[in-house]
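Inspection log for the structure reproduced underneath, given as structure tokens.
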Amino acid sequence: MSDINYELNLTVNGERGSFRVSPRLSLADFLREELHLTGTHVGCEQGACGACTVRYNGDQVRACLMYAVQAEGAEVETIEGITESGELAALQEAFHRNNALQCGFCTPGMLIAAADLLKHNPSPDRDQIRAGISGNYCRCTGYHSIVDAVAETCSGGTKEATQ
Amino acid sequence: MSEKPHLSVLDRPNSYIGRSVPRPNARRLLAGRGQYPSNVSLPRMVHVAFARSPFAHARIVGVDTEAARQAPGVVGVFVGEDIAKICQPWVGTLEHFAGMKSAPQYPLAHNVVRWQGEPVVAVVAQTRALAEDALELLLIDYEELPAVTDPETALDPDTPLIHPELGDNLVFGSKVEAGDIERAFAEADLVVEDEFHFGRHTGVTLEPRVVVADYDPSEERLTAYHGTQTPYQMQDVYARHLGLAEENVRVVVKDIGGAFGIKLHVHGEEMTTCALSMLLKRPVKWSADRLESFVSDIHARDHRVRARLALTKDGRILGYDVDDLTGVGAYSVYPRTSAVEGNQVIKLVGAPYTQQHYRAVLKVVLQNKNVMSQYRAVGHPIAFTVTEALVDKAAAELGLDPMELRARNYVPDDAYPYKSASGFTYEGLSLQRSLEKLKEMIGYPELREEQRGLRDKGVYRGIGIATFVEITAPGPAFYGVGGARISSQDGCSMKLEPSGKVQLAISVNELGQGTETIVAQIAATELGIAMEDIRVVTGDTGATPYGGAAWASRGAAIGGEVTVRAARALRDSILEVAGASLQTSPSELDLRDSLVVSREDGEELISLAEVGRIAYFRSDTLPPGFQPQLSVVRHYSPQGLPFAFTNGVHASYVEVDVDTGLVRLLNHWVVEDCGRVLNPKLVDEQARGGVAQGIGMALFEECLYSADGQLTNGSLADYLVPLSSELPDIEVAHIETPSQYSEIGAKGAGEAGTAASPAAIMNAVNDAIAPLGGRVTAMPMTPERILRSLKRI
């Protein structure tokens, strides 16, 4: 184990900060434990489940597969920041209306994945939605209502919410 | 006196009952503001990591902890004996299961390890990472023992004993018999039989098991922020096994990242973590990583069932003869045991049918594998796969349509109450109407037409039907009579705030299934207020009445009914205060739109806020001696029959690629009857999520063990959980046969999706490959198993 800490400068949800972190600290653990951004969830720690999905310089990434030190100079956005900016409001409303979540543990990652899908394909069909969120496990819903919610968002004249 | 009759909660104006109201508490989760136990962090908190057995069966020869103790950040290293000093072991048996036996299980392994992954040593450090670093410095010497992994040979005389003091590897054996099964089979025109295999799988809650234990020695008080679906049960277990006063143990669980039955069992890690907090006198957190989940969360299923079905030539079912062997790992799990699933299998085979003859034999045996116990739809997917696969096989032999063979044998819709061959009494089912509705929903003749047309083109599609009858909302006959301190009743308290709004606290907790929403719907309806004016509190044994919480699909049936009763009591209290203030009889008054109104003509008299103001701040204006009682509590235990049976039928439409063995799910339909539907959307979503877990069982999920008891696929990259791209849309429809034993009339809805979806898919796959001579009777139905059945590999 190394006890040398590295300097880390980054912007998270629009706030710039400087930290000293262990080189083995994952980005997910950094967000959760150092910044207390507990909306980023950890489900498998090997990039399979998608619960830790965040935005890194605008792209969705698995926060469990990155070291915090790799985020030097980066802009990171988590569910907390993206919620407060209002950017996801239409998608979140559609998830709420369609009950597209039960326990909610996958939900922050699922929302970020769905927004990423809509950014690249503003009007996906159901199969494309299913493919677009297939990197995010949900154990509760069977996905049907999530597909409904995403479909409703892209067809319901709410595209500005994802641009 | 008003002549108007008092209205039941179902008849009140502005009712929320039966409406698909969105869940208010989902907004928090959508914003990333969930309060999961894995988010809990407390001052002075330290973290525990466990060294686990690398062997399925071995003697612990020695443990050298010295180097680990010296590692940076380590607070303490604890072996089994250290924890056993303050935590009593447990034995997973129930008294009403005659002859059942299991061995004492310690929080950390005691001298012998009995499954790969069993926790052996606990290392506590300032961070989880430092604790894991120190684990690598432990020196644990094992002497490997032969592993017992195959249930088929578990009872052979030369098989080693997993617990020598038990005398054999049998946990429980049971037999159910009715009629004259030998004669029925001797006289039958047709007998069909099969041997079925159901692999082990597990719940894979997306949030792993977590507990943050906070023991305060100054008050001898333990607070456990524990991801559990049964906080009251855990309050009892922690108190008794750790020697604490029950009232000094508080279990808190606000949000929980999936449960599905996985999070109601006693596991050694949580017990150890609480014991560590007592030893260290500071908060200790344990959060499983995914590998730990795979090797220590209870597993489910693992059955070999041989079964045969006897019929007359005109397609009348005479009876089933069933032999179920199930391997449950190294211990029977505490406190619900590992015998309940098998016990349900042997009582549920053939449950939808009017069979007169029945025999089912169960053997529950030990293995050197992770423990097995109740998971969503306990026993049902096994029982209905066996039941319905044989019905399809018989239909084919008789040249009957599978729909028709079912319709001929269902317990008729007008035959209730009905006593089943295995001894269950059904209050009221709707098997015939459900099948009719399903036929309509799927467009059955057209679907068969499409199937035939495509088959001519070399496309192999199959249609599978599967019926279920489900045990929900059990009363005390389930666990209480067996000596387990697991409550079958629930409690609900309510208080009117001075503002005229309401706080409601209930022992049925929220797992995401929507408990908080449906109880608010019910209370708002009964009290004549808006749902938004009710704040619901769940998941805190220190703040809610005592109850059973969330298991066996009991939230709507039991939690719903207790809410009606508590709301009625509060309503009566409100009307008494209003009557005293208005100098009129409470029986002349009613509640509507947050107002006290005249029952007779609806005249608006005073607001609920005014009632609150008078009661709390101006009781001097009330008659002398009158004391307003605006906090109430009610408890309710299910009445009438031991279980609220529900029913339904699934259909699956699949396409099998006969070259690759891959199954594509095209559609899945469910018609279910869970009694009164309180919130159709939430019931649909329970069905859909349940179907998805059944699909996992049918096609994807299996905990694969090597012959020497090593789990070989303990990661989410290797263990296949169904993904969005693999699942079809799932359509759900309802028939409502309300229970007459409660006012609300709801029965359970949480497990219907899982109960028969695997059976429907097995029947669909076999329907697809039947023209090529294939038949699969083992789950998961992997491409390999399908190709083998087609003799292509």
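The values are calculated or read from the model by the stated rules, or taken from the named source; none is laboratory data. Model, not experiment: these values are computed from the prediction. Because the Cβ atoms are built from the backbone with ideal geometry, glycine has one as well, and the counts that use them run over all protein chains shown. Protein only, heavy atoms only, side chains kept; ligands, DNA and RNA dropped before computing areas. Shrake-Rupley method; radii C 1.70, N 1.55, O 1.52, S 1.80 Å.
Please report the base-10 log of the normalised intensity I(q)/I(0) for the stretch B:669-793, using a Debye sum with one equal scatterer per alpha carbon and no solvent, at each q in 0.09, 0.10, 0.16, 0.20 (1/Å).
Here log10 of I(q) over I(0) equals -0.36, -0.43, -0.87, -1.10.
Could you work out the mean count of beta carbons from other protein chains within 10 Å of each residue's beta carbon in A:29-42?
Counting other chains' Cβ atoms within 10 Å and averaging over A:29-42 gives 3.
Specify the inter-centroid distance of the stretch B:387-461 and the stretch B:465-482, based on alpha-carbon positions, in whole Å.
Distance between centres, Cα-based: 23 Å.
Over the alpha-carbon set of the stretch B:15-55, divide Rg by the Kirkwood Rh and report the Rg/Rh ratio to two decimals.
Details: Rg = 19.3 Å, Rh = 14.8 Å.
Using Cα coordinates only, the ratio equals 1.31.
Give me the orientation-averaged projected area of the Cα convex hull of the stretch B:4-97, in nm², one decimal.
Here the figure is 16.3 nm², rounded to one decimal.
What longest range of chain B stays clear of loop-exposed GluC sites (Glu not before Pro) (DSSP non-H/G/I/E/B, at most 12 other C-beta within 10 angstrom)?
B:220-602
If you take all C-alpha pairs in the stretch B:452-546, what percent of them are over 20 Å apart?
In whole percent, the share of Cα-Cα pairs in the stretch B:452-546 beyond 20 Å is 58.
Taking the Cα centroid of the stretch B:687-735 and of the stretch B:76-107, what is the distance between the two, rounded to the nearest whole Å?
31 Å
As I understand it, the value is the acute angle between the Cα axis of helix A:107-120 and the longest principal axis of the Cα atoms of chain A; what does it come to in degrees, rounded to 10?
70 degrees
If R₀ is 35 angstrom, what is the calculated FRET efficiency for the pair B:D659 and B:E397, using the beta carbon separation as r and rounding to 0.05?
The formula returns an efficiency of 0.80 here.
With label points built 7 Å along Cα→Cβ from the Cα atoms of B:A609 and B:A477, find their separation and express it in nm.
Once both label points are built, they end up 5.1 nm from each other.
Run the accessible area of the stretch B:230-319 with a 1.4 Å probe and give the carbon-and-sulfur part as a rounded percent.
Here carbon and sulfur together make up 49 percent of the probe-accessible area.
One-quarter of the Cα convex hull surface for the protein assembly as shown, in nm²?
41.3 nm²
Between beta-carbons, use under 13 Å as the cut-off and find the net charge around A:E84, counting Lys and Arg +1, Asp and Glu -1.
Result for the local shell: -3.
Please list the radius of gyration and Dmax for the stretch B:147-270, considering alpha-carbon atoms only, with Å as the unit.
Looking at the stretch B:147-270, its Cα Rg and Dmax stand at 22.6, 75 Å.
Divide the volume of the convex hull of the Cα atoms of chain B by its number of residues and quote the answer in cubic angstrom per residue. Could the numbers behind the result be given before it?
On the way: hull volume 135.5 nm³, N = 793.
So the per-residue hull volume is 171 Å³.
Provide the convex hull volume over Cα atoms per residue for the stretch B:680-754, in Å³.
Once divided by residue count, the hull of the stretch B:680-754 is 136 Å³.
Hey, if we sort A:R16, A:R139, B:R485 by accessible area with the 1.4 Å probe, largest down, what's the order? Walk me through the intermediate numbers first.
Working: A:R16 210, A:R139 15, B:R485 130 Å².
Output order, biggest surface exposure first: A:R16, B:R485, A:R139.
Can you compute the radius of gyration and Dmax for the stretch B:401-504, using only the Cα atoms, both in Å?
Both quantities, over Cα of the stretch B:401-504: 22.9, 73 Å.
With every atom except the alpha carbons ignored, what do you get for Rg and Dmax of chain A, in angstroms?
Cα-based Rg and Dmax for chain A come out at 16.0, 53 Å.
Just reorder B:S53, B:S493 by solvent-accessible area, largest first, 1.4 Å probe, all chains present.
From most exposed to least exposed: B:S493, B:S53.
Between B:A84 and B:D456, what is 0.36 nm times their sequence separation minus the Cα-Cα distance? Round to one decimal in nm.
Working it through step by step, the gained length comes to 127.2 nm.
Indicate, rounded to the nearest 5 percent, the antiparallel portion of the DSSP beta bridges found entirely in the stretch B:428-579.
Numbers: 5 of 9 bridges.
The antiparallel fraction comes to roughly 55 percent.
To the nearest 10 square angstrom, how much accessible area does B:I486 have with a 1.4 angstrom probe?
Accessible area of B:I486: about 20 Å².
Quick check: with the 1.4 Å probe, what order do A:R24, A:R126 take by accessible area, largest first?
Details: A:R24 100, A:R126 75 Å².
Correct descending sequence by accessible area is A:R24, A:R126.
Where Lys and Arg each count +1 and Asp and Glu each count -1, what net charge lies around A:A131 among other residues with Cβ under 11 Å from its Cβ?
On the way: positive: A:R126, A:R130; negative: A:D125, A:D127, B:E726.
So the surrounding residues net to -1.
Name the residues of the stretch B:680-720 whose amide N is less than 18 Å from a point 7 angstrom out from the Cα of B:D289 along the C-beta direction?
Zone members listed by number: B:711-719.
Could you list the square roots of 5 times each eigenvalue of the Cα gyration tensor of the stretch B:360-455, that is, the equivalent ellipsoid semi-axes, sorted largest first and rounded to whole Å?
30, 21, 14
Across peptide B:18-24, what mean number of C-beta atoms from other chains lies inside 10 Å of a residue's C-beta?
Taking the mean over all residues of the peptide, I get 2.
When 1/r is averaged over all different Cα pairs and the result inverted, which Kirkwood radius in Å belongs to the stretch B:304-345?
Working: mean 1/r = 0.0797 Å⁻¹.
This gives a value of 12.6 Å.
Could you state the number of Å between the C-alpha centres of the stretch B:270-346 and the stretch B:9-32?
Answer, in whole Å: 34.
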